[in-house]
1. Quick one: count up the residues across region 20-38 that are exposed (fewer than 14 other Cβ atoms within 10 Å of the Cβ) and part of a helix (DSSP H, G or I).
2. If I go through region 405-431 residue by residue, how many of them are small (G, A, S) and not in a helix (DSSP H, G or I)?
3. On the basis of being open to solvent by 10 Å² or more (accessible area, probe 1.4 Å) and on the phi < 0 side of the Ramachandran plot, does L381 make the cut?
4. What residue, of R210, R217, R229, is part of a helix (DSSP H, G or I), modelled with pLDDT of 90 or more, basic (K, R) and open to solvent by 40 Å² or more (accessible area, probe 1.4 Å)?
5. When region 53-71 is examined, which residues are found to be at pLDDT 80 or above and open to solvent by 10 Å² or more (accessible area, probe 1.4 Å)?
6. Is region 184-197 home to any residue that is modelled with pLDDT of 75 or more and either part of a loop (DSSP other than H, G, I, E, B) or not charged (D, E, K, R) (or both)?
7. Please specify each residue of region 398-423 satisfying the condition of being within 10 Å of the ligand (Cβ to nearest atom) and either open to solvent by less than 20 Å² (accessible area, probe 1.4 Å) or in contact with a Gly (Cβ under 9 Å, 6 or more places away or on another chain) (or both).
8. Output yes when any residue across region 275-283 is closer than 30 Å to L19 by Cα and away from the ligand (no atom under 16 Å from the Cβ), and no when none is.
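The values are calculated or read from the model by the stated rules, or taken from the named source; none is laboratory data. Remember, it's a predicted structure, so these values are computed and weren't measured experimentally. Ideal geometry is used to build each Cβ from the backbone, glycine not excepted, and the neighbour counts take in all protein chains shown. We work out accessible area using only protein heavy atoms, side chains counted, and drop any ligands, DNA or RNA first. Shrake-Rupley method; radii C 1.70, N 1.55, O 1.52, S 1.80 Å.
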Amino acid sequence: MKRLELHHWILLAMGLGALIGLPLNLAAESGALPAETVATVADVGKALGDLFLRLLQMLVVPLIVSSLITGVTGMGDLRKLGRLGGRTVAFYLGTSFVAIVTGVLMVNLLNPGVGADLGLLEAGAGAAPNVVESGGHVGQILWAQLEGMIPKNPLKAAADGDMLPLIFFSIVLGVFISAVEHQRGDEADEAGGPYREGDAQDSPEVAEERSGAALLRRFFAGLFAVMMRMTLAVIRLAPIGVFGFMLYAAAGRGLAAFEALGLYALTVFLALAVHAFVTLPLILRFLGHRSPIGHAKAMMPALLTAFSTASSNGTLPLTLQCTERSGVPNEVGSFVLPLGATINMDGTALYEAVAVLFIAQVYGMDLSLGQQAIVALTALLASVGAAGIPHAGTVMMVVVLSAVGLPTTAVGLILAVDRILDMCRTTVNVFSDSCAAVVVAHYAADPAPTD
Ligand code: ASP
């Protein structure tokens, strides 16, 4: 018999949780069972789910730090990347931002969480959210956010789980590891004259600094590989966590819990569809001068793999191959795509924003424009920091939740439908990477006369 894949187990666990929970809920309502007994079952479900969440939370800090440092140092000598690197990163941030705006508009249109009763408000997870200054000018809020991004002490930020300062520090650290690894002798030692890498003037001190920086780069790459494995291992326990949360929602709230989650999933899905079928094709057509349909056809094997594996990292070899088939030269693809698999996640960025705004609605929090801007900004950073593996975006959501003062355990709310959304958002992530490759290749072949 074919072995069941993880997502099948997750679906089974969901079904089982609902199958046990719903009749219990009905029995409690009709008085056939004492309400306290059913509440106890629901609490056991929640306790189980919370254990799984703790495991996920345990991974966040080392995963973000190692993923970001490895992403930045993997770009090689940042000076040499020049125009290609600048354009690629600008494209990545630009499209992710458009994706987020699409998501935010969709949530505000459909309001999937308004009035939803998912049954966590009175439980431990529902500790009153500490809303960020509710008043205040958008500019002031953003300024405070910017200020808060610079950690006074990066180790303390890590210990406190303060994600934004940690992300900022990790990127800067990555940039400077690269700078030292690729430094020239005359930068390190002012006495140095005209100098080329590896020539005789490469003093022992400089060589030592360079090899030290290379060691750091390799250390973080190793840590990243280990953390990815750990994440995959923890994710294997997802069926247990999902079962617990499902039991909790179904026994505690009955059918109402499902209606709300369905509307939330639809919101993410529609916003992803707008990005994949409208925004990215327009970009392909007008910036990449490529037929969107032709490109999508060439990319099909990669897109289907992304959909079924929910991992843009795992899909990378196919993404490279398919974009080459779509006419992107290998030297462009081999730089743009691995970087994209790490930092460019339009689908994830959109999903983070929608999910957090949905959670805020469930908690009855009315987010001001400034707070929504903070969600957008942190969703962008969270997507940059998310690894290209299943559910990484869910792990990163704590960054966005904590930025607006929502309890990080609220992630538990949306776990039940996460796999299917992960499959969809990963497909969009990979498609967006491939569009970036087409656009960058177009401009690399036909560079602007001045820069
Ligand atoms: N699974 C996504 C990816 O690999 C990341 C995420 O969880 O959003 O691209």
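1. Of the residues in region 20-38, 5 are exposed (fewer than 14 other Cβ atoms within 10 Å of the Cβ) and part of a helix (DSSP H, G or I).
2. Number satisfying all stated conditions: 1.
3. Details: open to solvent by 10 Å² or more (accessible area, probe 1.4 Å): yes; on the phi < 0 side of the Ramachandran plot: yes.
For L381, the condition - open to solvent by 10 Å² or more (accessible area, probe 1.4 Å) and on the phi < 0 side of the Ramachandran plot - is met.
4. Checking each option against the conditions leaves just R217.
5. R54, L55, M58, V61, P62, V65, T70
6. Yes, region 184-197 contains a residue that is modelled with pLDDT of 75 or more and either part of a loop (DSSP other than H, G, I, E, B) or not charged (D, E, K, R) (or both).
7. Once the filter is applied, which keeps residues that are within 10 Å of the ligand (Cβ to nearest atom) and either open to solvent by less than 20 Å² (accessible area, probe 1.4 Å) or in contact with a Gly (Cβ under 9 Å, 6 or more places away or on another chain) (or both), region 398-423 yields D418, L421, D422.
8. There is no residue in region 275-283 that is closer than 30 Å to L19 by Cα and away from the ligand (no atom under 16 Å from the Cβ).
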